[in-house]
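Below is one structure; the comments refer to it alone.
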Amino acid sequence: MWHKIIKKTNRTVENITALLLALMVLAVFVQIISRALFNMSFPWTEELARYLMIWVTFLGASFAFQYGAHISIEAFVTRLKKTMVTNPSRRCSHCLYSILFYLNRKGH
């Protein structure tokens, strides 16, 4: 049951994201045409495109996660030794703490 609900929700988010992306392209197109033909621009198109881009980014990230389409660093991980890959979050934490410790000692 939950699988059907999640699948329908993801499909709805995909459709809404596609619609918002089309609206964003249309708003930018109207802005370009109004500048080129009428030597004036509508003040609302730039702000509309900005907010639509924010929504498309966050909604797109949610369903990109579902498909595993986020940018990964697989090429970097495959070049590491097996012992370093076993616990990457611990290694990242150690690196981050080392950098923070260094910056704290330097007075930044």
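The values are calculated or read from the model by the stated rules, or taken from the named source; none is laboratory data. No experiment lies behind these values; they were computed from the predicted model shown. Please note: Cβ atoms are built from the backbone with ideal geometry, for glycine as well, and neighbour counts cover all protein chains shown.
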Exactly one condition in (1) more than 27 Å from I6 (Cβ to Cβ); (2) assigned to a helix (DSSP H, G or I); (3) at pLDDT 90 or above is not met by M40; state its number. (2)
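For (1) surrounded by 11 or more Cβ atoms within 10 Å (Cβ to Cβ); (2) part of a helix (DSSP H, G or I); (3) in contact with a Phe, Trp or Tyr (Cβ under 8 Å, 6 or more places away or on another chain); (4) modelled with pLDDT of 90 or more, each residue gets a yes or a no:
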position	(1), (2), (3), (4)
H3	no, yes, no, no
L20	yes, yes, yes, yes
M24	yes, yes, no, yes
I32	yes, yes, no, yes
E47	yes, yes, no, yes
L52	yes, yes, no, yes
A75	no, yes, no, no
Residue pairs within 7 Å by beta carbon, gap of at least six or interchain, first lying in segment 30-58 and on the phi < 0 side of the Ramachandran plot, second among the aliphatic types (A, V, I, L, M) and exposed (fewer than 13 other Cβ atoms within 10 Å of the Cβ), listed first then second, are S34/M40
